[in-house]
1. Within the range 185-227, take every residue that is under 16 Å from Ser149 (Cα atoms) and part of a loop (DSSP other than H, G, I, E, B) and give me the one that is modelled with the lowest pLDDT.
2. Is there any pair linking a residue in the range 522-536 that is more than 14 Å from Leu90 (Cβ to Cβ) to one that is open to solvent by 50 Å² or more (accessible area, probe 1.4 Å) and among the acidic types (Asp, Glu), with Cβ under 8 Å and at least six apart or on different chains, and which?
3. Could you pull out the residue among Asp343, Asp388, Asp332, Asp311 that is within 14 Å of Val272 (Cβ to Cβ) and of a type in the set (D, E, K, R)?
4. Here are the criteria: (1) within 25 Å of Arg444 (Cα to Cα); (2) in contact with a strand residue (DSSP E or B) (Cβ under 8 Å, 6 or more places away or on another chain). Tell me which single one His321 does not satisfy.
5. Which condition breaks for Tyr327 when tested against (1) touching a residue at least 12 places away in the same chain (Cβ under 8 Å); (2) under 30 Å from Val466 (Cβ atoms); (3) assigned by the TED database to the domain that holds Ile440?
6. Would you check if there is a residue in the range 255-278 being under 15 Å from His102 (Cα atoms), modelled with pLDDT under 90 and surrounded by fewer than 20 Cβ atoms within 10 Å (Cβ to Cβ)?
7. Can you say whether Leu121 is among the aliphatic types (A, V, I, L, M), farther than 30 Å from Arg507 by Cβ and at pLDDT 80 or above, as far as the supplied structure shows?
8. Could you go through the range 383-393 and let me know if any residue there is touching an Asp or Glu at 6+ places or on another chain (Cβ under 9 Å), at pLDDT 85 or above and closer than 18 Å to Ile407 by Cβ.
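The values are calculated or read from the model by the stated rules, or taken from the named source; none is laboratory data. Values in this document were obtained by computation on a predicted structure and should not be read as measured data. Here the Cβ positions follow ideal geometry from the backbone for every residue, glycine too, while neighbour counts run over all protein chains shown. Calculation scope for accessible area: heavy atoms of the full protein, side chains included, ligands and nucleic acids excluded. Shrake-Rupley method; radii C 1.70, N 1.55, O 1.52, S 1.80 Å.
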Amino acid sequence: MAEIAGDETPPLPSSSGAEESSLLSSPPSPTAISGDEPPPRTRKPGTKRLVLTASVLLSFLVGLPLLLKSTEIHRSPLPSDAIADLSRRLQSHPPSFPCGLHAVFLRSGPGSPVASLADQLERAISTQHHLLPASSTAGNISVSVTIQSGGGCTSSTAAASPWRCGLLTAADSVRDDEVFDELLHSALGGRDGDGMKVYTIVIAEDDDGKGTRVVIGKHRHAWVVGKVDEAEALSLIGNVFIKYFMNGGIEEGETGIGKGEFMPVGSDGNVVLSFSLLNADPNDWVYDWEFKNIGERILTPVVEALRPVADINIESQVLYHTPKSSYSYSDDKLGGNVLSMGDIPFFVNSNEWHLDTSISATGRSKVLQFVVYIPSARECPLYLQLPDGELSKTNAFISPMWGGVVIWNPPGCSVGSKKAHGTRRQMSSQELMETLEIFIGQLRQLFGLKPNYHAQGMDVATKFLVSEKGFAQWELDLLYRHHACSNLLSCVATLESLSSLVQSLPRMIVMDEIGRQVELSLEAASLAQRNATLGIGDSSAGKFGTHFIAHVRWRL
């Protein structure tokens, strides 16, 4: 048993015990102590690492301004304060043009005029200025009086017209009106230029046995012929000046210039007058016209007269197969077909009338259509019936801001006319001239004036001399004053809206081009306002200012 005990081998240590002895015998490793973390650095970074870090930081700092620049919102500065200041000035002092009124009394007596009488008459005329309509674009009105008799001339202290004393007498007023109109224009120095416009009204005391009559000339003057007392003369002077020279003869309640009507002028200051001859059915008859030779010759003075208001181009064309859209009915009493005013809005056939073929009109130009409609044999003659049951004398109508139409019945046209089977004919020169006269009257209406004043008078017989330009000089003054004032107010309203919009949207992009256009527009508006206060109407600077304002208004 002892041997067996002595020979017995001792048991081997367990595996855990072996591991424990191994741990005790070997030094601990860093990985075993801290897991996957690297050992702490015992020395400072080298130069290479510092240079790399600094270069990365420097690159970031250099690129930071570029990053900010690429993400910023570009806003060109707008002169908001200057716009607000101009708006306040226009609200407190609406744009208006100062005018002058010069009354001339031509007396046939031999005695010398009394100097104090001229000042007395000046004060009496000045009291009538409150009769100006609220829509008038006239500003301060300076009144002056000149009295001429056989003994010489005397003027009030505020005489504003270069009247040439003795050049005309009361006896000259019995001459032909056209002749006296030019003599009076010469006696006034022929002033049709820039500066404050002075309107002259002459009282010619001459008893020719025809009674008292008033003649309104083609320039900026009118005259009264007849024996009138002082009170009646003052009343006639006030009526002519306010009713016509300042208001264009537009009565209360009538539409026209200064009554909320817009002038048919494009935003770039251009207007295209497109004249079209429409053959409704060329199987019946075909008409042509010599518009190139006759039409343009008659319309050229009109275009030149309106140049201070708009730049006008003229075009013409002949179209075929252009039936109307509205219906007409046969009237045996009138011996033809009748078109009522209620059917006028449906007359223009937009599907068949290809009128918009202008090559001169740009996107901002205004095109006014003037149409001569030749009805077919089936509906010829075609008459336009007015609301009172009477037939239109011109057989024509206008469409505001669009143009006008003349219904032209060919010679020999009657109920049951036989077809000419496409025979080509031509309007005579007289027929074309008569048609163009109607178109000029329609153009006057589209611009806010009356087509004519033949049926309009005052308390005495009144005659209006017709200018070959289609517009008298005093009428052109009305058009320009209205056009300049409306453009100026519209421009300032647009600038105010743009300024408010930009201020309300902080992240809105405003390009430099817009900023420059706003500054130029503001400068042009200020120039137009200064011209208005000086009474400058049809000067090139004033025209540029208002047309440029309209151009910028469209751009914005």
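1. Selected residue: Asp207.
2. Here the result reads Ile536/Asp194, each pair linking the range 522-536 to a residue that is open to solvent by 50 Å² or more (accessible area, probe 1.4 Å) and among the acidic types (Asp, Glu).
3. It is Asp311.
4. Answer for His321: the failing condition is (1).
5. Tallying (1) touching a residue at least 12 places away in the same chain (Cβ under 8 Å); (2) under 30 Å from Val466 (Cβ atoms); (3) assigned by the TED database to the domain that holds Ile440, Tyr327 fails exactly one: (2).
6. no
7. yes
8. Checked against the condition, which is being touching an Asp or Glu at 6+ places or on another chain (Cβ under 9 Å), at pLDDT 85 or above and closer than 18 Å to Ile407 by Cβ, the range 383-393 yields at least one hit.
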